[in-house]
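**Q** This is the structure, below, for whatever I ask next.
The values are calculated or read from the model by the stated rules, or taken from the named source; none is laboratory data. In this text the structure is predicted, and so the values were computed from the model without any measurement. Here Cβ is always computed from backbone atoms with ideal geometry, including for glycine, and neighbour counts include all displayed protein chains. Remember, those area values only see protein heavy atoms, side chains included, never the ligands or the DNA or RNA. Shrake-Rupley method; radii C 1.70, N 1.55, O 1.52, S 1.80 Å.
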Amino acid sequence: MLSIKDLTVNVGDKQILKGINLEIKAGEIHAIMGPNGSGKSTLSHVLSGKAGYDVTGGSVMYQGKNLLDMMPEIRAREGVFLAFQYPVEIPGVSNIYLLKAALNAIRKYHGLSEVDAMDFLTLVKHKVKLLEMDEKFLYRAVNEGFSGGEKKRNEILQMAILEPKLCILDETDSGLDIDALKVVAEGVNSLRSNDRAFVMITHYQRLLDYIKPDFVHVLAHGQIVKSGGAELALELEEKGYSWVENQVVA
Amino acid sequence: MSAVATSRYVAEYGALAPTLPGQSLPWLQQLRRDALTKFSANGFPSPREEEWRYTNVSAIEKRLFTPALKQSSGQVDADWLKAQQLDDAWSVVLVNGHFSTEYSQLDSLPDGVTVISMADALVETQDFATLLETHLGHAVNNAEHNLVAFNTAWFSDGVFVHVPAKQVLTKPIQLLHIVTEADAMATTRNVIMVDELAEAQVIETFVGLDNAYLTAAVTEVFVGQNAHLTLTKMQIESEKAYHFGGTYAKQSKDARFTHHNFAFGGLLARCDIHTDLDQASECELNGLYLGVKRQHIDNHTRINHLKPHAISREMYKGVLDDRAKGVFQGRVIVAEDAQKTDSQMNNRNLLLSDDAEADTKPQLEIYADDVKCGHGVTVGQLDEKSIFYLQSRSVDEETARNMLTFAFANEMVDKIKIKSLHDKVLEQVLARFPQEGVEKDWL
């Protein structure tokens, strides 16, 4: 589904990603872990098409297409979804308005008719329930005045409704208490399927107790320095990031 | 101001003066004479005056707008009129500056509530004339600026609204100012009095057919002790029109005054909103101006904290596109005696084109030492983070910008509590920034 080869990225004059290689197949869950400043968020931003990052080398192919050539909204319509580490507050735009605009943009892109208003409401209300959210949230402005946990839940709600193919979760667990984390994890687990892949970017191993990854990669100094199965996360938890960081230097 | 243009207006006045209301009232005759003297001496305001430095009115000198006579105030298309009127409101219609009994709808006004034509109120035998002697020209005087003097000299009619003590109006009153004739001048003077413990909602709508014309309106407002008036101005004049409208309020102790100012129309529009705050009174001034093409929209506010413990909140937002120009000048003056004043003033501008311009000038003048006053001003573009967020949810950039621009404006529309008015204003904002495929209830 996603094939990243020798990806190098600069921000200004500074090289942040120094040759990333990653293969992700449909149905897989990959966790990317690493210390602060290792380039985790840069990777998620580059994949979603945020401005301000200069790709200096390498390639990113998504379902056989060059992802880096696409505008952010085209990536989204093709099925790439980024759950933001810091979801943006948008006063004056209600959640339900955004959801409908987003869903219809995706449908139109794929040659489908606009969603029927009743069907849309039924779908949205079902997903709201799944994430244990209050229906009133739908009519409030996007993320405005939401607590940290509510914002993260809202990201997963959008994901559940838009049904992307490649879900990138950028530090979705940070700032969540354990109850909110469980709800978010359940939401993610309910979306697991053979044709959908997840990339979970996280600093902490805790999230992986609730969403079990197939692969764990450790990112340090802009490179993937170690890859393994779910057990790698536990090893990291035990030994700390300095363990892998030292391996790089050595 | 050229002396030639001034003298043309003054010569016109000579012919008109005997037909103006209030002939039998010496105090009003004196007030009008004083106004004419001031106007004759200096003409329309000049950009040399500090309060007019961003707004040049010389365009109205180049043509002579003439007052429409009452009998010439012809028929108004019924469907068009209905589209301007609010459902479920008492409605006063002024056509070309004259109160229209035919189109006004004031059935079942509660006893003691007065809503009548200013010309009728200024008849010597009426009790109202006595009341007006101590109110008309008392919330603002001719020295304020020469468009106030112009209005005082020329006003042909207007509305007098009086809500007696403890009366709580269940429906809003709409004062609908319509101009149907090209090159007409609609000069109205309105006085709104809401006495002690009363509550009222009044809407002033200014609208006209697709002509060049001049509106010069002055509304004086008196909010009694512990009374509450919500006054909404909806300025949707023709895009060729010149609009000068001032609202001047005096708030008694504990009085509340909420003003919403929607400035969408006019080629050149200038609006002044002033209020004087007595002890522990509160005012909320909200504004939204939307400029396109070559529109010039100027809003001036002045909040006078005269006594202690008063609260003022002000938020003006502007969206300017094409070559439009928006001006905001907001003054908050805190008198020496006005300790414990709590004041916050904000002005936010969104520029949608490189040629659009926003001139903003907040001014705080504080003479007391124990006060909480703040102000904030922004002039800028849409937030790139927000645009990217929407894009990451599949919305293309153009749609995202449109959604965010609408949202920026809609925040002010949302402050309107009257449903029918809210929907009318929303309609106007949606006409500027259409939102496709969304239920109105979701906005």
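**Q** So what's the gap between the Cα centers of segment B:339-362 and segment B:76-145, to the nearest angstrom?
**A** That distance is 33 Å.
**Q** While we're on this one: When N counts the residues of segment A:2-249, how does its alpha-carbon radius of gyration compare numerically with 2.2 N^0.38 Å, as a ratio?
**A** Expressed relative to 2.2 N^0.38 Å, the Cα Rg reads 1.01.
**Q** Continuing with this model, one more query. Cα to Cα, under 16 Å, and not fewer than 8 places away if on the same chain: which aspartates and glutamates meet these conditions relative to B:K424?
**A** B:D79, B:D87, B:D88, B:E204, B:E237, B:E411, B:D414, B:E439, B:D441
**Q** Still on this structure, please answer the following. Give a residue-ordered list of calculated ³J(HN,Hα) values for segment B:160-176 (Karplus: 6.51 cos²θ - 1.76 cosθ + 1.60, θ = phi - 60°; whole Hz; x for Gly, Pro).
**A** Here the 3J(HN,Hα) series is 10, 10, 9, 10, x, 3, 6, 7, 10, 6, 8, 10, x, 10, 9, 9, 9 Hz.
**Q** Also, I was wondering about something else. Which residues' amide hydrogens lie under 5 Å from the amide hydrogen of A:M200, considering only partners 5 or more residues apart or on another chain, with H built in the peptide plane?
**A** Answer set, sorted by chain and number: A:H30, A:A31, A:I32, A:L169.
**Q** For B:G246, what residues show an amide H to amide H distance below 5 Å, using hydrogens built from the backbone and excluding near sequence neighbours?
**A** Hits under the 5 Å cutoff: B:A217, B:V218, B:T219, B:D272.
**Q** From the phi angles alone, apply the Karplus equation (6.51, -1.76, 1.60; θ = phi - 60°) to segment B:252-261 and give each ³J(HN,Hα) in whole Hz, x where the residue is Gly or Pro.
**A** Running phi through 6.51 cos²θ - 1.76 cosθ + 1.60 with θ = phi - 60° gives 7, 3, 6, 6, 10, 9, 10, 10, 10, 10 Hz.
**Q** Moving on. Quick one: pull the percent of accessible area on segment B:3-278 belonging to carbon and sulfur, 1.4 Å probe, ligands and nucleic acids left out.
**A** On segment B:3-278, the fraction of accessible area on carbon and sulfur atoms equals 49 percent.
**Q** Mind checking which of A:G145, B:V292, B:T275 is farthest towards the positive end of the protein assembly as shown's charge dipole, using Cβ charges of +1 (Lys, Arg) and -1 (Asp, Glu) about the Cα centre?
**A** B:V292
**Q** So what are the ³J(HN,Hα) numbers for segment A:197-209, from phi and the Karplus equation (6.51, -1.76, 1.60; θ = phi - 60°), rounded to whole Hz, Gly and Pro as x?
**A** My calculation for segment A:197-209 gives 10, 10, 10, 9, 9, 8, 8, 10, 6, 3, 4, 6, 5 Hz in order.
**Q** Rounded to the nearest 500 deg cm²/dmol, what is the calculated helix-only ellipticity per residue at 222 nm for chain A, with -39500 (n - 2.57) per DSSP H run of length n ≥ 4?
**A** On the way: 8 runs with 91 residues, N = 250.
Helix contribution divided over all residues of chain A: -11000 deg cm²/dmol.
**Q** Further question on the same structure: Could you tell me the distance between the Cα centroids of segment B:233-264 and segment A:190-250, to the nearest Å?
**A** Distance between centres, Cα-based: 61 Å.
**Q** Is it possible to state the helix-based mean residue ellipticity at 222 nm for chain B, with each DSSP H run of 4+ residues giving -39500 (n - 2.57), the sum divided by total residues, to the nearest 500 deg cm²/dmol? What is it? Intermediate values should be presented prior to the final figure.
**A** Values: 9 runs with 97 residues, N = 443.
One gets -6500 deg cm²/dmol as the mean residue ellipticity at 222 nm.
**Q** Enter the accessible area per residue of the protein assembly as shown (Å², integer; probe 1.4 Å; all protein chains in place).
**A** Per residue, the protein assembly as shown has an accessible area of 40 Å².
**Q** Ignoring ligands and nucleic acids, what accessible area does B:E237 show with a 1.4 Å probe (Å², nearest 10)?
**A** Surface open to solvent at B:E237 totals about 10 Å².
**Q** Kindly provide log₁₀ I(q)/I(0) values, in the same order as q = 0.09 Å⁻¹, from the Debye equation applied to equal alpha-carbon scatterers of the protein assembly as shown.
**A** Normalising to I(0) and taking log10 leaves -0.84.
**Q** Averaged across orientations, what area in nm² does the convex hull of the alpha carbons in segment B:3-278 project?
**A** 13.5
**Q** Cross-link candidates for A:K129: which aspartates and glutamates have Cα within less than 13 Å, leaving aside residues fewer than 8 places away along the same chain?
**A** A:E186
**Q** Chain pair B, A: how much accessible area is buried, both chains summed, with a 1.4 Å probe, in Å² to 100? Before the final figure, lay out the partial values.
**A** On the way: alone 18250 and 11820 Å², together 27650 Å².
The B and A chains share an interface burying roughly 2400 Å².
**Q** Using only the heavy atoms of the protein chains and a 1.4 Å probe, how would B:D355, A:D69, B:D157 rank by accessible area, largest first?
**A** A:D69, B:D355, B:D157
**Q** Relative contact order of segment B:200-257, please, whole-number percent, based on alpha carbon pairs below 8 angstrom and at least 6 residues apart. Provide the component values of the computation, followed by the final result.
**A** Working: 118 pairs, mean separation 27.9, N = 58.
Relative contact order comes out at 48 percent.
**Q** Something else now. Check each residue of segment B:380-394 and keep those whose accessible area, probe 1.4 Å, is at least 20 Å² smaller with all protein chains in place than in the chain alone; give them in order of residue number.
**A** In segment B:380-394, residues shielded by partner chains: B:K385, B:S386, B:F388, B:Y389, B:L390, B:Q391, B:S392, B:R393, B:S394.
**Q** Taking a 1.4 Å probe, which of B:W154, A:W243 shows the most accessible area, and what order do the others take after it?
**A** A:W243, B:W154
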